[in-house]
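**Student:** Dumping the structure here so I can ask a few things about it.
Throughout, read-outs are computed from the coordinates displayed, never taken from laboratory work. Computed from a prediction, not measured in an experiment: that's the story for all the values here. Here the Cβ positions follow ideal geometry from the backbone for every residue, glycine too, while neighbour counts run over all protein chains shown.
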Amino acid sequence: MHGVINRSIQCFVRDSYGDEVWQSACQIADLGFDNFEAMLTYEDRLTDKIITAVCKVLVRDHDELMADLGTYLVAHPNLNAIRRLLRFGGESFEEFLHSIDDLPGRVRLALPDLDFPKLELRENGPGNYRMSFVWDKAGFGAVAVGVLRAMADDYGALVLLDYETRTGRSGDHMNVSIELLDMKFATGRAFTLQAQA
């Protein structure tokens, strides 16, 4: 697993629940260290162990925790670069959805060696979509749901999401149904293409 993913999990836990929770999870996972380096590569089993340990410490369901990680990746001020990368997809949530197929390519510009899930969007009718998520890393499908929820909030859109995940030996295969109820439900967060100094 790319270190940037493990480092994101570490930052999420520390920023959301505190360093004590992170240290406890590291002890339970028996990693032998408590700090992931973003540009290193780690065995997938270490990522699985730390996520399982965090769930145990927090007494949280795996999918709920992973969805919260997805929300964190978009909404937390420390990760504005990820939000900017996603917001380049369009001026509305619907335009963002239509750009999902291009997202892996945009991510590769920033991190060429990052393995990224395959995403595909299909329009079932006006305001009704189905997104498929396929990745050989099991347990990460719910992160995409958290990202979608956070992006809907970011744009000020009212969206109904429903999903089903099949996790097997080949990883996660998830389908998310997306129903756009109100594109201008609330005022979205301000966004400009120019980065802040």
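**Student:** How about the stretch 12-99: which chymotrypsin sites (Phe, Trp or Tyr not before Pro) there are in a DSSP loop, with at most 12 other Cβ atoms within 10 Å of their Cβ? Please list the in-between numbers first.
**Tutor:** On the way: sites: F12, Y17, W22, F33, F36, Y42, Y72, F88, F93, F96; in loops: F33, F36, Y42, F88.
Sites meeting the loop and neighbour criteria: F33.
**Student:** Using modelled backbone amide H atoms (1.01 Å from N, in-plane), which distant-in-sequence or interchain residues come within less than 5 Å of V159's amide H?
**Tutor:** The list, which skips near neighbours in sequence, is L181.
**Student:** Using θ = phi - 60° and the Karplus relation 6.51 cos²θ - 1.76 cosθ + 1.60, list the HN-Hα couplings for the stretch 47-64 in order, rounded to whole Hz, with x at every Gly or Pro.
**Tutor:** 5, 4, 5, 6, 5, 4, 5, 4, 4, 5, 4, 8, 6, 10, 5, 4, 5, 5
**Student:** Could you tell me which residue out of V54, Y42, I5 lies farthest along the dipole of the stretch 3-60 toward its positive end? Charges go on the beta carbon: Lys and Arg +1, Asp and Glu -1, centred on the Cα centre.
**Tutor:** V54
**Student:** May I ask you to list the GluC sites (Glu not before Pro) in the stretch 72-161 that are in a DSSP loop and have at most 11 other Cβ atoms within 10 Å of their Cβ?
**Tutor:** Filter output for the stretch 72-161: E91.
**Student:** Sticking with this structure for a sec: Sort C26, C11 by Cβ crowding within 10 Å, fewest neighbours at the top. Present the calculation step by step, with values, prior to reporting the outcome.
**Tutor:** Working: C26 22, C11 19.
Final ranking by Cβ density, sparse to dense: C11, C26.
**Student:** Between beta-carbons, use under 13 Å as the cut-off and find the net charge around D68, counting Lys and Arg +1, Asp and Glu -1.
**Tutor:** Values: positive: R60, R149; negative: D15, D61, D63, E64.
Overall, the nearby charge balance is -2.
**Student:** OK, next. Quick check: the distance between the Cα centres of the stretch 132-157 and the stretch 43-61, to the nearest angstrom?
**Tutor:** 19 Å
**Student:** For the stretch 89-182, count all C-alpha to C-alpha pairs, find those more than 18 Å apart, and express that count as a whole percent of the total.
**Tutor:** Working: 1952 of 4371 pairs.
Roughly 45 percent, rounded to a whole number.
**Student:** In addition: Can you show me the helix-derived [θ] at 222 nm for the chain, built from DSSP H runs with n ≥ 4 at -39,500 (n - 2.57) apiece and divided by the number of residues, rounded to the nearest 500. Please list the in-between numbers first.
**Tutor:** Working: 8 runs with 92 residues, N = 197.
The helix-only estimate for the chain comes to -14500 deg cm²/dmol at 222 nm.
**Student:** Also, quick follow-up: So what are the ³J(HN,Hα) numbers for the stretch 116-127, from phi and the Karplus equation (6.51, -1.76, 1.60; θ = phi - 60°), rounded to whole Hz, Gly and Pro as x?
**Tutor:** In residue order, the calculated couplings are 10, x, 7, 10, 9, 10, 10, 9, 8, x, x, x Hz.
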